[in-house]
1. Return a yes/no flag: does segment 251-266 have any residue that is charged (D, E, K, R) and closer than 30 Å to F168 by Cβ.
2. Which one is nearest to the chain's Cα centre (by Cα) among residues in segment 324-344 that are surrounded by fewer than 19 Cβ atoms within 10 Å (Cβ to Cβ) and of a type in the set (A, V, I, L, M)?
3. Give S52, S23 a once-over and let me know the one that is hydroxyl-bearing (S, T, Y) and over 25 Å from the mean Cα position of the chain (by Cα).
4. Quick one: would you say S53 is free of Cβ contacts under 8 Å to residues at least 40 places away in the same chain, open to solvent by 10 Å² or more (accessible area, probe 1.4 Å) and within 16 Å of the ligand (Cβ to nearest atom)?
5. Based on this model, can you work out whether G207 counts as under 29 Å from E13 (Cβ atoms), open to solvent by less than 40 Å² (accessible area, probe 1.4 Å) and away from the ligand (no atom under 15 Å from the Cβ)?
6. Only one of (1) away from the ligand (no atom under 13 Å from the Cβ); (2) modelled with pLDDT of 95 or more is not met by V27, so which one is it?
7. Would you confirm whether or not segment 73-87 contains a residue that is more than 22 Å from V149 (Cα to Cα) and either within 16 Å of the ligand (Cβ to nearest atom) or surrounded by fewer than 21 Cβ atoms within 10 Å (Cβ to Cβ) (or both)?
8. Please indicate, with yes or no, whether at least one residue in segment 144-165 is charged (D, E, K, R), open to solvent by less than 20 Å² (accessible area, probe 1.4 Å) and within 16 Å of the ligand (Cβ to nearest atom).
Amino acid sequence: MIPISKPLIGEAEKQAVLDVLDSGMLVQGPRVKALEERFAKVCGTEYAVATSSGTTALHLALLAHDVGPGDEVITTAFTFVATVSSILFTGARPVFVDIDEQTFNVVPELIEQAVTPRTKAIMPVHLYGHPCDMDAILDIAQRRNLVVVEDAAQAVGATYRGKAAGGFGTGCFSLYATKNVMSGEGGMITTDDEAVAERCRLLRSHGSRQRYYYDFLGYNLRMSDLHAAIGLAQIARLDEFTARRRANAAYLNQHITSVVTPTVQDGCEHVWHQYTVRVNGGRDRDAAVASLSEAGVGTGVFYPMPLHQQGYIREIVGEVRLPVTERLAQEVISLPVHPQLSQADLEQIVTAVNAL
Ligand SMILES: *Cc1c(COP(=O)(O)O)cnc(C)c1O
């Protein structure tokens, strides 16, 4: 079976972990700082703050912007649950808007319509590694005085009009094992705002500036040096990983004829965290998944149930209709696009998909 994702763990990753073990500095050593510097560079931001996961990066970024009870955060329901749970952790309310069927990302005009006096932030998600329409989103944010917290968990290295995802507002990344750059578990916050960076640093470590003195209630959401060491070995290969994903996606786009293949908007550089096709026109997606599996092609459905339909979230936000989101949740299939695919794998995928 060709897996839908496969972390590329080489000698560099293994040696990096052994070096940390040998150093005896498992936490709060030099590697977390080095990884932060690398991320800031990739995103073109002044600061980066490493955390324990993408989920905690989102949570801390919202807290650092004073998002809390009584506030609304406009986002998408076609995303991983952490986008919304991080909003709920703060006591704020997620407000869902529908998405574009080409990019799977939020539609800026719908964000504008959803703004109320309670709106505090917009949380665009660069889904599958395709950047959102950031000019339009930043324009709304500026006119309505809103914070932008980007969920860039899937989009490390993606660019919009030459500028990196995570560099527009406060960016949040995940280094979870299946992400384009991984550390096993891990997260990163990127920002140009010194006060936000400082608040994230304090929040991730007990609200403490000086050991055993505490300014406010904080958490322990730090990244360990063991994880950072893996992340450093990975991010050194970001360009190579991305180039392979792009080449794989280009091959699939060129040869797949039986389903709707993904597109890239002008001005965007996609990083293909997922390569997602649509089985549309009322065809049976789940049967397609089963027949691909039979042909040895692993797939993923991201995501089968949009978040506004999940029981506990529906209890909070009430009935919401998002027609495009709901339809795409029935149509999407992600195919393997990861850097370890061989030419034979790509041909096997194309043959299986074109036989649907
Ligand atoms: C992976 C992911 C997250 C959460 O990251 P974790 O590191 O798993 O906590 C958040 N949002 C999106 C869109 C993701 O894909």
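1. First pass over segment 251-266, keeping only residues charged (D, E, K, R): 266.
Imposing the further condition that a residue be closer than 30 Å to F168 by Cβ reduces the set to 266.
Yes; the residues of segment 251-266 include at least one that is charged (D, E, K, R) and closer than 30 Å to F168 by Cβ.
2. Checking each candidate, the answer is V324.
3. Working: S52 fails: over 25 Å from the mean Cα position of the chain (by Cα).
Among S52, S23, only S23 is hydroxyl-bearing (S, T, Y) and over 25 Å from the mean Cα position of the chain (by Cα).
4. Working: free of Cβ contacts under 8 Å to residues at least 40 places away in the same chain: no; open to solvent by 10 Å² or more (accessible area, probe 1.4 Å): yes; within 16 Å of the ligand (Cβ to nearest atom): yes.
The answer is no for S53.
5. On the way: under 29 Å from E13 (Cβ atoms): no; open to solvent by less than 40 Å² (accessible area, probe 1.4 Å): yes; away from the ligand (no atom under 15 Å from the Cβ): yes.
No, not satisfied.
6. (2)
7. Step one: list which residues in segment 73-87 are more than 22 Å from V149 (Cα to Cα), which gives none.
For segment 73-87, residues more than 22 Å from V149 (Cα to Cα) and either within 16 Å of the ligand (Cβ to nearest atom) or surrounded by fewer than 21 Cβ atoms within 10 Å (Cβ to Cβ) (or both): absent.
8. Here is the first cut: in segment 144-165, the residues charged (D, E, K, R) are 144, 150-151, 161, 163.
From what's left, open to solvent by less than 20 Å² (accessible area, probe 1.4 Å): 150-151.
Then drop every residue that is not within 16 Å of the ligand (Cβ to nearest atom), which leaves 150-151.
Yes: one or more hits.
The values are calculated or read from the model by the stated rules, or taken from the named source; none is laboratory data. These numbers were taken from a predicted model, which means no experiment stands behind them. Positions of Cβ are generated from backbone atoms using ideal geometry, with glycine treated the same way; all protein chains shown enter the neighbour counts. Heavy atoms of the whole protein, side chains included, go into the accessibility calculation; ligands, DNA and RNA do not. Shrake-Rupley method; radii C 1.70, N 1.55, O 1.52, S 1.80 Å.
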